1. Working only within the range 197-220, note down all residues that are surrounded by fewer than 16 Cβ atoms within 10 Å (Cβ to Cβ) and part of a strand (DSSP E or B).
2. Filtering the range 21-76 down to residues that are part of a strand (DSSP E or B), within 17 Å of the chain's Cα centre (by Cα) and hydrophobic (A, V, I, L, M, F, W, C), which residue is surrounded by the fewest Cβ atoms within 10 Å (Cβ to Cβ)?
3. List every residue pair whose Cβ atoms sit under 7 Å apart, with the two residues 6 or more apart in sequence or on different chains, where the first one lies in the range 59-84 and is touching a residue at least 60 places away in the same chain (Cβ under 8 Å) and the second, anywhere, is surrounded by 15 or more Cβ atoms within 10 Å (Cβ to Cβ).
Amino acid sequence: MWRCVLLLLLTTSVVAQSADPSRLDFVTKTLPKGTVGKPYTATIKLQGGQGPFEWTIIKGRLPLGIVIQANSGVLSGTPSFAGVYRFALNVRDVATNTSISREFVIEIQGPLMVEWVDPPRLTEKTISGSVKVTNSSTGGDTFDLTVIVVAVNEIGKAFALGYQHFDLAQSVEQIIPFSSSVPNGRYIVHVDAVAEIPERNAIYRARLQTQAPLVVNVNR
């Protein structure tokens, strides 16, 4: 009997501690995507604690052009380069001298975007798939676009899987298939897209690659 009562009291105590509304914690778990050249603002919200709070980056880095306000947790600025940026933030409650930390990710999309539609797959000695390129610019620009898809083996030799050169208007997307046979080896597939705007002397680049190698080992 007493054991049951003691267990109930301990369980109630643990639940009460975990639900403590004064405990400092992050409300914001994910951050919105941004776009190169467009103003970005996001607020990382907290719950609990007394404040004031001090915010610092303890790992990784923010996208170039974005900063965090040390006393509010507001991220703002205009990002300059596309990419996926991972970083860890530490928040210190000055009143209680307690701290919490959390990792965040911000994805910055460029005016030129490339993504897999059909990720590279292997059929015997043939690597095939497709990618989508998108003109996400905001100034009415038409891209003079070149897209090259290559498979690079373990000794650094590259084999062309696909190539296209065409004009891509603003807010238009284009799916590009690729396929080619390659010799035996271990291959990472790379996509390189270059968009030129001659009248503004501007160039945008976007890259994509597979993480795990495709292994061709036929009739060895």
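The values are calculated or read from the model by the stated rules, or taken from the named source; none is laboratory data. All of these numbers come straight from a predicted model, not from anything done at the bench. Every residue, glycine as well, gets a Cβ built from its backbone with ideal geometry; the counts of neighbours run over all protein chains shown.
1. Ala202, Ile203, Arg205, Arg207, Gln209, Val215
2. Applying the filter and picking the extreme gives Ala42.
3. Listed by first residue and then by second, the contacts come to Ala82/Val36; Ala82/Ile108; Ala82/Gln109; Ala82/Gly110; Ala82/Ala206.
Listed here are the residues, each with its yes/no results for (1) over 21 Å from Ile108 (Cβ atoms); (2) crowded, with 18+ Cβ neighbours inside 10 Å; (3) modelled with pLDDT of 95 or more.
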position: Val131; (1), (2), (3): no, yes, yes
position: Asp144; (1), (2), (3): yes, no, yes
position: Ala160; (1), (2), (3): yes, no, yes
position: Gln170; (1), (2), (3): no, no, no
position: Ser179; (1), (2), (3): yes, no, yes
